Amino acid sequence: MLRTILLPPGEGGPKGRMRDFSLTRYTPCMKGKVVVITGATSGIGQVAAEKLAAMGARIVFVARDKSRGDATLERLRAQNSSVDHRAHYADLSRLSEMKRVATEIAAAEPRIDVLMNNAGAMFSKRQLTQDGLERTFALNHMSYFTVTQLLRERLLVTPGARIVNTSSNAHRGAHVNYNDLQMMNGYRMFKAYCLSKLYNILFTRELSRQLQGTGVTANCLHPGFVATRFGDSTSGAGGLLFRLIKFFAITPEQGAETPIFLASAEQVKGVTGEYFYKCAPTPPTKDALDDDAAEWLWAESEKIMQSAN
């Protein structure tokens, strides 16, 4: 795994130097690129989809709500009407829906240049999906895992394909519990969310390891604390707290800078297995760097994915 990003000798001295990850230093062109995004109808996913479309990309996104999906398509067409942007509909907290929509996208798209896993939520009470999974775990982790696995072949046949996973610095409060993967005991809303964001990093690192030598890269990111619809459906004191602290949050446009950068910038070509914040690699926690935990989580996730029809 890469821990520092160095320019090769001859570009800044014999030992190289840190790359300049400034967003103001590049003007990427995404013309001809196909970008698949989950969670693209609001927040940083919406901004990323629109900005990438304006760069020339064709956007294929997954939405749960038809009206929001239609509105997103209109915005994408306003940014770039020369390509056929496409919406697919699914509830990404259900394994059968994850599998169905990913299979549909794989059948429709012969190549995928960027897969951006961005869908996520927080739930005030422990809820089980129809598959018997804790809902935060299902949506925030298993949808990343399942959709990526089923689109893997399309990514592998696309030169230079990139996988971008939205995580969070919330992972810094989480520790893997090998005896209680889905918080059957002592569920707390924020703890469940923190765990899912830790799982995102562990998944990204193991995915990157498996993809070494294929030309496909996988990175994850912390977008910052962003004022979006996230947490709006949370009830009780937790929901009130979210609404209050959003006054101090950054805008979706600011939060979208890093995922856009990872999806499009030439500076990160070939960079993989990293955790980014403000368009630069930054160290996650020791727990997030645990390769044994990453392998264990992958194996458990694979069992869950294969258990569903």
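Name the one entry in 150, 155, 198 that is in a helix (DSSP H, G or I) and closer than 18 Å to residue 289 by Cα.
198
Output the residues belonging to region 171-188 that are part of a helix (DSSP H, G or I) and either at positive phi or in contact (Cβ under 8 Å) with a residue 24 or more places away in the chain (or both).
Hits for region 171-188 are 171, 172.
Which residues, taken from region 277-299, are in a helix (DSSP H, G or I) and more than 30 Å from residue 97 (Cα to Cα)?
Selection gives 287, 289.
Among 156, 151, 128, which is crowded, with 19+ Cβ neighbours inside 10 Å and of a type in the set (A, V, I, L, M)?
Result of the check over 156, 151, 128: 151.
Would you say residue 87 is touching a His at 6+ places or on another chain (Cβ under 9 Å), of a type in the set (Gly, Ala, Ser) and modelled with pLDDT of 95 or more?
no
Only one of (1) farther than 23 Å from residue 205 by Cβ; (2) modelled with pLDDT under 95 is not met by residue 106, so which one is it?
(2)
In region 88-113, what count of residues is obtained for those that are buried (at least 20 other Cβ atoms within 10 Å of the Cβ), among the charged types (D, E, K, R) and in a loop (DSSP other than H, G, I, E, B)?
Here the count works out to 2.
Being of a type in the set (Phe, Trp, Tyr) and over 15 Å from the mean Cα position of the chain (by Cα) is the filter; apply it to region 183-217 and report the residue that is modelled with the lowest pLDDT.
Top of the filtered list is 190.
Failed condition for residue 302, given (1) among the charged types (D, E, K, R); (2) at pLDDT 95 or above; (3) assigned to a loop (DSSP other than H, G, I, E, B), with all others met?
Exception for residue 302: condition (3).
Among the listed residues 124, 81, 96, 42, identify the single one that is free of Cβ contacts under 8 Å to residues at least 60 places away in the same chain and of a type in the set (Ser, Thr, Tyr).
That would be 81, the only listed residue that is free of Cβ contacts under 8 Å to residues at least 60 places away in the same chain and of a type in the set (Ser, Thr, Tyr).
The values are calculated or read from the model by the stated rules, or taken from the named source; none is laboratory data. Since we're looking at a predicted model, the values are computed, not measured. Please note: Cβ atoms are built from the backbone with ideal geometry, for glycine as well, and neighbour counts cover all protein chains shown.
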